[in-house]
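Notes for the one structure printed next.
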Amino acid sequence: MLLFTPGPTPVPQNVRNAMGDATMHHRTPEFEAIFEKTRKHLFNLFKTDEVIMIASSGTGAMEAAVINLCKNTLLSVNSGKFGERFGKIALSHGLKNEEIKNEWNTPVSIEAIVNAVKNNSDIDAIAVQISESAGGLRHPVEEIAKAVKAINPRIMIIADGITAVGVEHIDVSNIDCLIAGSQKALMLPPGLAILGLSTHAIETIGSGIGYYLNLASEIKKQRQNTTAYTAATTLTIGLLEVLETIENNGGIEKLYADTEIRANAVSSALEAIGLHIYPSTPAPSMSTIDDENAAEIRNLLKSDFEVNVAGGQDHLKGKIFRINQMGLISNYEMAWVVNAVELCLAKLGRRVYDGTANKIFNEITFGMGK
Ligand SMILES: *Cc1c(COP(=O)(O)O)cnc(C)c1O
């Protein structure tokens, strides 16, 4: 079965092997050397002033960001489940929350953010997904960050890049906190989250807040290549292997370029067989199709063609399916995925099978077009 869900993503064999060694003690020079190397790679990936790894799923990093960077009112962007989560986190900690809500295929507008900030001087932090995984949507985070900083540079910009870091280039010049998680673009099992922080964010954090998620304690320790509490040793070893594998496969810029070409090739292939791309501004992390037969297509992909893709949640349950584009993906696997989708449409009696999806995918991917 091919795993093509936008999280969890497949863990490469060499990464699984690297994580298969005997457990290492976290307070040892051996582990500190691994931690230091991993940090160096992470600085290259995040391009932020500081990076912090914490043992938690991605949501833990979202919570750490909100509590350490917001003291008053969080402005959050809800175009899907993950954006909604930021608001819930703020409220659960007694912070105030203002939310800009849109349908899950619609990115937040920069004007809506600017107006909210101008009308409510209590807003001291903004949280937004770069790629909102609920509908495969790309928000204009860099432009939002720039516009907000021009109004008030003290407002903290928290960018959830859990399905964006390692997928596409992100301009972090106006972002204060950039979040990643292990089981999406980073091709690891779940349980490790990473925060990239600006110098301005570090000043705002000060002595930090909370206990386990107190970022000040972690910044202090991680600058010495250790952690405040027990490090996720196995996942850190795996992360180093992932980041070295990306390096050895041509580097991160090549991965971004390959991902963009592949995501475009998939969109074109699926549109050519009559399918519709759901988000108005698709993120390269996944290809999301809305379709009246979404549930049937997803079931057929699994039962007849050994392809596992994700469905939708809440009001989009049974209405969309999502194909992963994150990680090191082989073109021959993706060619099979788009071909399998076409076969499903033929099985449903929607079109006569003629291999169009596969043809378009290959023409674009391998430059074989006219
Ligand atoms: C998966 C995901 C999360 C949540 O991460 P968990 O690891 O499930 O806690 C947050 N934001 C985005 C955009 C995601 O895709």
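The values are calculated or read from the model by the stated rules, or taken from the named source; none is laboratory data. All values derive from a computational prediction rather than experimental measurement. Virtual Cβ from ideal backbone geometry, glycine too; neighbours counted across all protein chains shown.
Among the residues here, Ser79 qualifies as closer than 23 Å to Gln325 by Cα and either out of contact with any helix residue (DSSP H, G or I) (no Cβ under 9 Å at 6 or more places or on another chain) or touching a residue at least 24 places away in the same chain (Cβ under 8 Å) (or both). In the set Glu63, Glu99, only one residue is farther than 18 Å from Val141 by Cβ, among the charged types (D, E, K, R) and in contact with a helix residue (DSSP H, G or I) (Cβ under 6 Å, 6 or more places away or on another chain); that residue is Glu63. Do we find a residue being more than 30 Å from Lys319 (Cβ to Cβ), of a type outside the set (Phe, Trp, Tyr) and touching a residue at least 40 places away in the same chain (Cβ under 8 Å) anywhere in segment 125-135? Yes, segment 125-135 contains at least one residue that is more than 30 Å from Lys319 (Cβ to Cβ), of a type outside the set (Phe, Trp, Tyr) and touching a residue at least 40 places away in the same chain (Cβ under 8 Å).
Residues are listed down the side, and each one gets a yes or a no for (1) within 27 Å of Val337 (Cα to Cα); (2) of a type in the set (Val, Ile, Thr); (3) part of a helix (DSSP H, G or I):
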{"site": "Gly196", "(1), (2), (3)": "no, no, no"}
{"site": "Gly208", "(1), (2), (3)": "no, no, no"}
{"site": "Ser217", "(1), (2), (3)": "no, no, yes"}
{"site": "Lys221", "(1), (2), (3)": "no, no, yes"}
{"site": "Tyr229", "(1), (2), (3)": "no, no, no"}
{"site": "Thr234", "(1), (2), (3)": "no, yes, yes"}
{"site": "Gly250", "(1), (2), (3)": "yes, no, no"}
{"site": "Lys254", "(1), (2), (3)": "yes, no, yes"}
{"site": "Ala263", "(1), (2), (3)": "yes, no, yes"}
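The residue list Ile54, Ile89 contains one member that is of a type outside the set (Asp, Glu), within 12 Å of the ligand (Cβ to nearest atom) and not in a helix (DSSP H, G or I), which is Ile54.
Restricting Gly166, Gly196 to residues that are crowded, with 24+ Cβ neighbours inside 10 Å, small (Gly, Ala, Ser), in contact (Cβ under 8 Å) with a residue 60 or more places away in the chain and at positive phi narrows the list to Gly166.
Would segment 218-227 turn up any residue that is under 25 Å from Thr28 (Cβ atoms), at pLDDT 95 or above, of a type in the set (S, T, N, Q) and within 16 Å of the ligand (Cβ to nearest atom)?
Checked against the condition, which is being under 25 Å from Thr28 (Cβ atoms), at pLDDT 95 or above, of a type in the set (S, T, N, Q) and within 16 Å of the ligand (Cβ to nearest atom), segment 218-227 yields no hits at all.
Within segment 138-194, restricting attention to residues that are within 24 Å of Glu244 (Cβ to Cβ) and in a strand (DSSP E or B), which residue is nearest to the ligand (Cβ to nearest atom)? Outline the logic, then answer.
In the first step, residues of segment 138-194 are kept if they are within 24 Å of Glu244 (Cβ to Cβ); the result is 161-170, 172, 178-194.
Adding the requirement that they be in a strand (DSSP E or B) leaves 178-181, 192-194.
Details: Leu178: 12, Ile179: 8, Ala180: 10, Gly181: 4, Leu192: 9, Ala193: 7, Ile194: 11 Å.
Across segment 138-194, the extreme among qualifying residues is Gly181.
Ala185 fulfils the conditions (1) surrounded by 24 or more Cβ atoms within 10 Å (Cβ to Cβ); (2) out of contact with any helix residue (DSSP H, G or I) (no Cβ under 6 Å at 6 or more places or on another chain); (3) closer than 26 Å to Leu95 by Cα except for a single criterion, (3).
Residues of segment 50-77 that are surrounded by fewer than 23 Cβ atoms within 10 Å (Cβ to Cβ), farther than 14 Å from Ala180 by Cα and under 20 Å from the mean Cα position of the chain (by Cα): none at all.
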